[in-house]
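All remarks here apply to the structure that follows.
The values are calculated or read from the model by the stated rules, or taken from the named source; none is laboratory data. These figures come from a predicted structure and were not determined experimentally. Cβ atoms come from the backbone with ideal geometry, glycine included; neighbour counts cover every protein chain shown. Heads up: the accessible areas ignore ligands, DNA and RNA and are worked out on the full protein's heavy atoms, side chains in. Shrake-Rupley method; radii C 1.70, N 1.55, O 1.52, S 1.80 Å.
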Amino acid sequence: MISSVPGVVQPIPEASPTSHRISRFIPSIVDTEVPKFFQTPSMKLYDGTTDPEEHISQYKERMEIIPILPHLKEASLCRGFGSNLTGSAFKWLLNVPPYSITSFAHLVNLFNNQFSCSRIFERITSDLYWVLQDPKESLRGIVSRFGREALNIPNIDMATSIEAFKMGLKKDSPLYEDLVMFPCK
């Protein structure tokens, strides 16, 4: 009777006795017997708010050190993946249609598509032009902050980074004046 009242939260439906037999993976993955010693790697749980590609990379890297026979690797990668998810990422995995995931690559593609809005795009050297010295910031502060930003750029162009650093300094600072008078090589 409660379910017929408008605006009332619906009760949680009873679970089917066979609900444990439904899997999001195809039968060849579900039927592969994962070794008894298999444990998923311990790592930070993914909640959908950080870069999905980074999470996948960490997961694969940690799975590499687990001794699993090659013919069991695919099923282990697939079946262990959900144990490293939480929040909206875990809810997403639970809502994947039954028997629809055909491989770990397919799972990764679905995962990356779902959480693409959380992706962090690769930084480029010209992004350093946005690092500007605040009026009250010390030289040590700007050097430190600039260095941290530069570490996030995989293929940094040294000439552009030097120019960006110079342009980010306060124009009345002695270092700026030195860099204008005696350019870095």
Q | Prolate/oblate/rounded label for segment 66-159 (Cα gyration tensor, a/c 1.5) | A | prolate
Q: Specify the residue with the greatest mean-square fluctuation among Glu137, Glu54, Glu33, computed from a Gaussian network of the chain linking alpha-carbon atoms under 10 Å apart.
A: Glu137
Q) Mean separation of Cα pairs under 8 Å and 6+ residues apart, divided by the residue count of the chain: what relative contact order is that in percent? A) 22
Q: With springs only between Cα atoms under 10 Å apart, run a GNM on the chain and tell me which of Arg24, Arg62, Arg148 wobbles the most.
A: Arg148
Q. What size of dipole, in debye to the nearest 20, comes out for segment 20-161 about its Cα centre when the only charges are +1 on Lys and Arg C-beta atoms and -1 on Asp and Glu C-beta atoms?
A. 440
Q. How far is helix 158-168 tilted, in degrees, relative to the longest principal axis of the Cα atoms in the chain, given as a value from 0 to 90 rounded to the nearest 10?
A. 70
Q) Which percent of Cα pairs goes in each bin when the distances of the chain are cut into 5 angstrom slices starting at zero? A) 1, 6, 11, 12, 11, 9, 8, 8, 8, 7, 6, 5, 3, 2, 1, 0, 0
Q. Phe121: net charge of surrounding residues, Cβ under 15 Å, Lys/Arg +1, Asp/Glu -1, itself excluded?
A. -4
Q) Top mean-square fluctuation among Ser126, Ser88, Ser118, Gaussian network model of the chain, C-alpha springs under 10 Å? A) Ser126
Q. Rounded to the nearest 500 deg cm²/dmol, what is the calculated helix-only ellipticity per residue at 222 nm for the chain, with -39500 (n - 2.57) per DSSP H run of length n ≥ 4?
A. -12500 deg cm²/dmol
Q) Expressed as a whole percentage, what fraction of the accessible surface of the chain belongs to carbon and sulfur atoms when a 1.4 Å probe is rolled over the protein heavy atoms? A) 59
Q. For Lys170, which aspartates and glutamates qualify as cross-link partners when the Cα separation must be under 17 Å and same-chain residues fewer than eight apart are set aside?
A. Asp134, Glu137, Asp178
Q.
Check which residues have an amide H placed less than 5 Å from Leu85's amide H, if you skip close sequence neighbours.
A. Tyr46
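Of all the C-alpha pairs in segment 136-185, what % are more than 18 Å from each other?
Of the Cα pairs, 30 percent sit more than 18 Å apart.
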